[in-house]
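The values are calculated or read from the model by the stated rules, or taken from the named source; none is laboratory data. Just so it is clear, the structure is predicted and the values come from calculations on it, not from any experiment. Cβ placement follows ideal geometry from the backbone for every residue including glycine, while neighbour counts extend to all protein chains displayed.
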Amino acid sequence: MIISYKSLTYLNYQWFHFMRKKSISFSDHLKKLSKKARDRYEKGRYSFNELPKRVQRDIRNFANLLPYIQLDRITNPLKLEHLPPDVIREQKSFSLLNALTAGHIKDIGTSTPLKPKEISALATTCKRMNTIFHTSRLENMLPDLLWNVAAGEQDIVEKILRKFPGLLLYRGPATDYPGREFTKITAFELAYWNTDYRYMCNKMLDCIPDNKKGQQIAKSLLGQLERIDEVGVTYTFNNKKINEKHYDYNSLIKAMQDYSNLYPDNCNLMQDHWYQVVGKAEFETVAHVAQHICDASVTFESSPKFDAPTFNRTLIYIDYAEYYETWWNKGFKRNPEDKLGVNFAIKKVDGCTFADRSGLNNLKIMIDALTTLRDVRLEVDKPLLKRRLQVMAKQELEANSSMTPICSR
């Protein structure tokens with residue numbers, strides 16, 4: 001492996017800060033050797049073969065040195081200026097980075113706060129550095145991606161995946177607004193479980209590049225989809241483990257239907273049911289559903305089909321004092337004790353979404369709209385999404401089958 005001297009200089013800068021941060025002192029012996037080597041070169045009698053045997057041995061046996069000794073040997077020799085050609089050639093030809101473990105290099109490269117451009121510089125130094133630092137960068141971005149998927153922040157998700165579509169293959173822990181805890185889930189699996197097929201999932205597919213790498217990602221996503229359809233997703237909620245193939249709309253719809261069955265004959269029970277059952281089910285819904293309820297551009301009275309190309313992803317509604325609040329806030333601005341599922345629920349009338357404490361509501365229009373949303377997502381959008389992925393994955397399979405086999409020598 002050939003490493004440019006410029007790249008080694010940059011890495012040396014990182015190693016210096018790493019050693020200073022770890023309070024690792026330089027070897028006095030190596031300092032003396034460095035001074036001796038510089039003096040010999042200035043007198044014109046310097047070559048690699050004339051270096052002290054210990055230095056030569058350490059260079060050739062670098063992989064077996066202890067980490068702090070490796071750092072010590074790396075930092076000082078590279079600081080020598082005006083090295084002769086044979087020494088420079090030896091530095092360039094020696095597989096310095098291959099001698100370090102991935103964890104060691106990652107510690108060195110991340111020991112000081114690095115700007116994205118600096119991480120990119122490390123990632124492009126050579127193939128191995130790209131693997132280590134590109135992977136590290138993706139792993140650091142995964143929590144943000146998963147959170148924004150859970151929060152229904154489609155624009156942010158798109159912005160991330162346009163630059164790093166490979167993140168769709170990474171797994172990590174995620175927690176949504178109501179508190180569901182998922183372990184080792186991908187961004188696509190989370191959006192798929194949320195039933196955000198028409199918008200979030202398809203936007204993820206739009207971010208996949210039209211090349212061989214993109215085809216491989218599509219094939220992986222198809223596998224993720226099929227796995228959920230077969231075994232579902234397991235998550236923890238309210239200290240219980242739950243397995244479902246998708247978000248259960250019926251929990252919200254049934255809460256509203258049970259409430260409607262009480263209306264208007266059991267007024268005494270209706271208010272408690274409105275707060276503690278309907279409100280609780282609304283609190284436990286997913287962002288995609290809450291955003292449809294809050295979308296002021298669509299009235300439920302118009303019997304929406306929920307098939308528009310886009311929709312307004314907002315979680316804002318109005319409280320009783322006509323303040324703007326967000327769906328999962330921890331209490332109203334003017335009264336922190338007012339909480340969804342505790343002493344109010346949310347309803348939508350004529351495109352206006354607002355908090356209601358009366359407990360006297362006819363929810364037939366909301367029930368019909370949410371039932372339509374459920375049916376469109378599960379019976380229309382889900383099959384269409386799967387069909388699209390199958391086409392994208394099939395292209396990858398056809399491309400592989402058309403390749404000429406390479407004979408081994």
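Residues of the range 141-162 that are within 15 Å of Ala287 (Cβ to Cβ) and crowded, with 17+ Cβ neighbours inside 10 Å: Leu145, Leu146, Trp147, Asn148, Val149, Ala150, Ala151, Gly152, Glu153, Gln154, Val157. Of note, Asp368 satisfies the criterion of being outside any loop (DSSP other than H, G, I, E, B) and in contact (Cβ under 8 Å) with a residue 12 or more places away in the chain. Just one of the listed residues (Tyr259, Tyr199) is in the same structural domain as Thr285 (by TED's automatic domain parsing), among the hydroxyl-bearing types (Ser, Thr, Tyr) and in contact with a helix residue (DSSP H, G or I) (Cβ under 8 Å, 6 or more places away or on another chain), namely Tyr259. Residue count for the range 163-193, restricted to those that are surrounded by fewer than 16 Cβ atoms within 10 Å (Cβ to Cβ) and either under 19 Å from Arg377 (Cβ atoms) or of a type outside the set (Val, Ile, Thr) (or both): 7.
Of the helices (runs of 4 or more DSSP H) lying entirely inside the range 246-337, those containing at least 1 residues that are among the polar types (S, T, N, Q), modelled with pLDDT of 95 or more and under 30 Å from Gln224 (Cα atoms) are 250-262, 287-294. Cβ-Cβ distances below 8 Å connect the following pairs, each with a first residue in the range 267-284 that is without any contact (Cβ under 8 Å) to a residue 24 or more places away in the chain and of a type in the set (A, V, I, L, M), a second residue that is crowded, with 19+ Cβ neighbours inside 10 Å and assigned to a helix (DSSP H, G or I), and a separation of six or more residues or different chains: Val277/Ala255; Val277/Tyr259. Scan Tyr197, Tyr192, Tyr247 and give me the residue that is under 22 Å from Leu145 (Cβ atoms), touching an Asp or Glu at 6+ places or on another chain (Cβ under 6 Å) and of a type outside the set (A, V, I, L, M). The unique qualifying residue is Tyr197. Condition check: among the acidic types (Asp, Glu), surrounded by fewer than 18 Cβ atoms within 10 Å (Cβ to Cβ), over 16 Å from the mean Cα position of the chain (by Cα) and outside the structural domain of Lys330 (by TED's automatic domain parsing). Does Asp206 satisfy that? Answer is yes for this residue.
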